[in-house]
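The values are calculated or read from the model by the stated rules, or taken from the named source; none is laboratory data. Here the structure is a predicted model, which is why all the values come from computation and not from measurement. Note that each Cβ is placed from the backbone with ideal geometry, even for glycine, and that neighbours are counted across all protein chains shown. Ligands, DNA and RNA are excluded from the accessible area calculation, which covers all protein heavy atoms including side chains. Shrake-Rupley method; radii C 1.70, N 1.55, O 1.52, S 1.80 Å.
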Amino acid sequence: MKPPMLSVREALGQLLDAVRPVVDSETVPTLEANGRVLAEDQRATIDVPSADNTQMDGYAVRALDCESGSATLRVTQRIPAGSVGDPLEAGSAARIFTGALIPPGADAVVMQEQCEAVGDSVTVRHAPRPGEWIRRTGEDVAAGAVILPAGTRLRSQELGLAASVGLARLPVLRRVRVAVFFTGDELAMPGEPLQPGAIYNSNRFTLRGLLENFGCTFTDYGIVPDSLDATRATLREAAREHDLIITSGGVSVGEEDHIKPAVEAEGRLNMWQIAVKPGKPLAFGEVRREGGLASSSTGAACFFIGLPGNPVSSFITFLLFVRPFLLRLQGVSGPVEPRGYTMRADFTLPKGDRRNEFLRVRVNAAGGLDLFPNQGSGVLTSTVWGDGLVDNPPGQAILEGDLVRFIPFAELQH
């Protein structure tokens with residue numbers, strides 16, 4: 001009797017429970033840290049802002065001098081950004097520009113649109129509150145505060161925050177090393193003549209692009225001949241210097257599918273039947289590492305994930321399973337599952353599949369979701385046409401107007 005298929009959540013849980021994140025680290029310039037994962041908490045070395053400053057072009061004043069709502073004051077100084085003004089005397093104002101430090105004695109800024117300057121004086125037609133349009137010292141970041149915890153995957157905004165407190169270099173975990181290869185004597189490369197029965201290897205381009213998106217260093221072993229010996233030899237070589245091996249195709253149990261016996265001979269393997277469409281077969285295990293890379297973060301074996309060969313199945317199982325596994329392997333400590341959004345289905349799916357189906361859809365001009373008409377696992381055009389996936393539970397029919405869970409491709413590719 002066949003064991004029951006794993007749910008998507010069960011399969012993902014088992015994958016994430018098995019991860020051994022990398023721990024080896026290096027220090028890199030902040031300018032070069034985009035996409036890397038922090039190895040240590042980062043603390044602010046200064047207050048941001050470092051001193052009270054103005055949010056607006058205008059006039060720095062004493063609020064008490066302007067309480068009438070129409071006060072004429074002497075303009076005694078001009079303070080551009082980067083300059084330090086003199087103490088402000090009662091009955092006077094300072095012309096001030098965005099980002100400039102508030103002079104001692106001033107407690108408010110009045111925007112220039114509420115002022116009328118004539119000669120050396122200005123009429124302030126507003127009664128400001130103390131603190132108006134002033135950025136206070138440390139209101140964004142206080143010196144000593146943790147601004148970025150370990151395990152943060154750095155994006156442009158995190159790099160800007162690190163730079164704002166003067167962090168010129170950051171400790172990051174090393175990049176994950178991935179090996180990838182493809183099985184199937186029917187595979188050909190674009191540019192080669194397409195022989196009868198052959199197909200172009202689209203998965204090679206898709207998976208390489210995804211690995212680049214996630215900042216991995218990778219070795220592409222190309223198309224491996226359909227033989228047990230060739231598959232075993234490639235696994236042994238790949239395991240020596242990599243953290244993860246990904247293959248596409250050959251994860252069934254047919255006579256020409258050599259991944260299962262090859263991995264079992266070189267390590268251990270779990271063949272999972274997952275209640276997911278497109279997809280279903282996924283192989284996960286480890287390949288013994290002999291005389292190569294070994295550290296506290298990688299152990300004595302290299303992880304292995306075998307994806308199905310159909311192009312849409314390979315693409316979607318990567319996004320659902322390999323993506324979160326990679327993020328955790330990289331050392332990301334926060335959530336690694338994609339966010340879903342509740343949206344309106346502008347289509348009907350009369351009958352749900354027995355598996356958890358991921359439907360390729362596109363956002364329309366009315367703010368609803370349109371369904372690609374052919375949801376086959378070989379229809380790669382659906383992934384280009386679409387904006388994301390509807391996560392449809394097993395057995396769930398969809399009526400036009402129903403609310404569904406939508407996962408944008410943008411959530412799945414970073």
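Is it the case, given these coordinates, that Ala44 is of a type outside the set (S, T, N, Q) and at pLDDT 95 or above?
Details: of a type outside the set (S, T, N, Q): yes; at pLDDT 95 or above: yes.
So Ala44 fits the description; yes.
Can you tell me how many residues within region 7-25 are farther than 18 Å from Phe303 by Cβ and either open to solvent by 30 Å² or more (accessible area, probe 1.4 Å) or without any contact (Cβ under 8 Å) to a residue 40 or more places away in the chain (or both)?
Adding up the residues that qualify gives 4.
Checking Thr54 against (1) modelled with pLDDT of 95 or more; (2) open to solvent by 50 Å² or more (accessible area, probe 1.4 Å): exactly one of these is not met. Which one?
(2)
In region 362-395, what residues are more than 18 Å from Leu210 (Cα to Cα) and of a type in the set (Asp, Glu)?
Asp370, Asp391
Take Val332 and tell me if it is in contact with a strand residue (DSSP E or B) (Cβ under 8 Å, 6 or more places away or on another chain), more than 19 Å from Gly279 (Cα to Cα) and at pLDDT 95 or above.
Numbers: in contact with a strand residue (DSSP E or B) (Cβ under 8 Å, 6 or more places away or on another chain): yes; more than 19 Å from Gly279 (Cα to Cα): yes; at pLDDT 95 or above: yes.
So Val332 passes the test.
How many residues does region 4-62 contain that are in contact with a Phe, Trp or Tyr (Cβ under 9 Å, 6 or more places away or on another chain) and farther than 30 Å from Arg355 by Cα?
Adding up the residues that qualify gives 6.
With the requirement that a residue be of a type outside the set (Gly, Ala, Ser) and open to solvent by less than 30 Å² (accessible area, probe 1.4 Å), what does region 148-165 give you?
Of everything in region 148-165, those that are of a type outside the set (Gly, Ala, Ser) and open to solvent by less than 30 Å² (accessible area, probe 1.4 Å) turn out to be Leu148, Thr152, Leu154, Glu158, Leu159, Val165.
Select the strands (runs of 3 or more DSSP E) contained entirely in region 330-405, then report the ones holding at least 3 residues which are crowded, with 19+ Cβ neighbours inside 10 Å and in contact (Cβ under 8 Å) with a residue 60 or more places away in the chain. Show your work before the answer.
Working: elements: 341-345, 356-363, 368-371, 388-392.
Of the strands (runs of 3 or more DSSP E) lying wholly inside region 330-405, those with at least 3 residues that are crowded, with 19+ Cβ neighbours inside 10 Å and in contact (Cβ under 8 Å) with a residue 60 or more places away in the chain span 356-363.
Only one of Val109, Val118, Val75 is of a type in the set (A, V, I, L, M, F, W, C) and modelled with pLDDT under 95. Can you tell me which?
Values: Val109 fails: modelled with pLDDT under 95; Val75 fails: modelled with pLDDT under 95.
Among Val109, Val118, Val75, only Val118 is of a type in the set (A, V, I, L, M, F, W, C) and modelled with pLDDT under 95.
For region 306-326, which positions are of a type in the set (A, V, I, L, M, F, W, C) and open to solvent by less than 10 Å² (accessible area, probe 1.4 Å)?
Of region 306-326, the ones of a type in the set (A, V, I, L, M, F, W, C) are 307, 312, 315-316, 318-322, 325-326.
Passing the criteria: Leu307, Val312, Ile316, Phe318, Leu319, Phe321, Val322, Phe325, Leu326.
Quick check on my filter: what residues within region 88-132 are among the charged types (D, E, K, R) and closer than 20 Å to Asp52 by Cβ? Please lay out each step first, then the result.
At the first step, the residues of region 88-132 found to be among the charged types (D, E, K, R) are 89, 95, 107, 113, 116, 120, 125, 129, 132.
Glu89, Arg95, Asp107, Arg129, Glu132, listed by residue number.
What do you reckon, is Ala198 closer than 19 Å to Gly285 by Cβ and of a type in the set (A, V, I, L, M, F, W, C)? Outline the logic, then answer.
Numbers: closer than 19 Å to Gly285 by Cβ: no; of a type in the set (A, V, I, L, M, F, W, C): yes.
No, not satisfied.
Go through region 114-126 and count every residue that is open to solvent by 50 Å² or more (accessible area, probe 1.4 Å), touching a residue at least 12 places away in the same chain (Cβ under 8 Å) and out of contact with any Ser or Thr (no Cβ under 6 Å at 6 or more places or on another chain).
Result for region 114-126: 3.
Taking the conditions exactly as written (open to solvent by less than 20 Å² (accessible area, probe 1.4 Å) and closer than 30 Å to Thr27 by Cα), does Ala108 satisfy them or not? Don't jump to the end; show me each part of the working.
Values: open to solvent by less than 20 Å² (accessible area, probe 1.4 Å): yes; closer than 30 Å to Thr27 by Cα: no.
The answer is no for Ala108.
Considering only residues of region 64-81 that are over 16 Å from Arg95 (Cβ atoms), without any contact (Cβ under 8 Å) to a residue 60 or more places away in the chain and open to solvent by 30 Å² or more (accessible area, probe 1.4 Å), which is nearest to the chain's Cα centre (by Cα)? Outline the logic, then answer.
Our first condition is that a residue be over 16 Å from Arg95 (Cβ atoms); within region 64-81, this holds for 64, 67-70.
Now restrict to residues that are without any contact (Cβ under 8 Å) to a residue 60 or more places away in the chain: 64, 68-70.
Among the residues that remain, those that are also open to solvent by 30 Å² or more (accessible area, probe 1.4 Å) are: 64, 68, 70.
Numbers: Leu64: 50, Ser68: 53, Ser70: 52 Å.
Here the answer is Leu64.
Restricting attention to region 26-51, and to residues there that are under 30 Å from Ser92 (Cβ atoms) and open to solvent by 50 Å² or more (accessible area, probe 1.4 Å), which single residue is farthest from the chain's Cα centre (by Cα)? Write out each step before concluding.
From region 26-51, those under 30 Å from Ser92 (Cβ atoms) are 47-51; that's our starting set.
Applying the additional criterion that residues be open to solvent by 50 Å² or more (accessible area, probe 1.4 Å) yields 47, 50.
Numbers: Asp47: 28, Ser50: 31 Å.
Among residues in region 26-51 that are under 30 Å from Ser92 (Cβ atoms) and open to solvent by 50 Å² or more (accessible area, probe 1.4 Å), the one farthest from the chain's Cα centre (by Cα) is Ser50.
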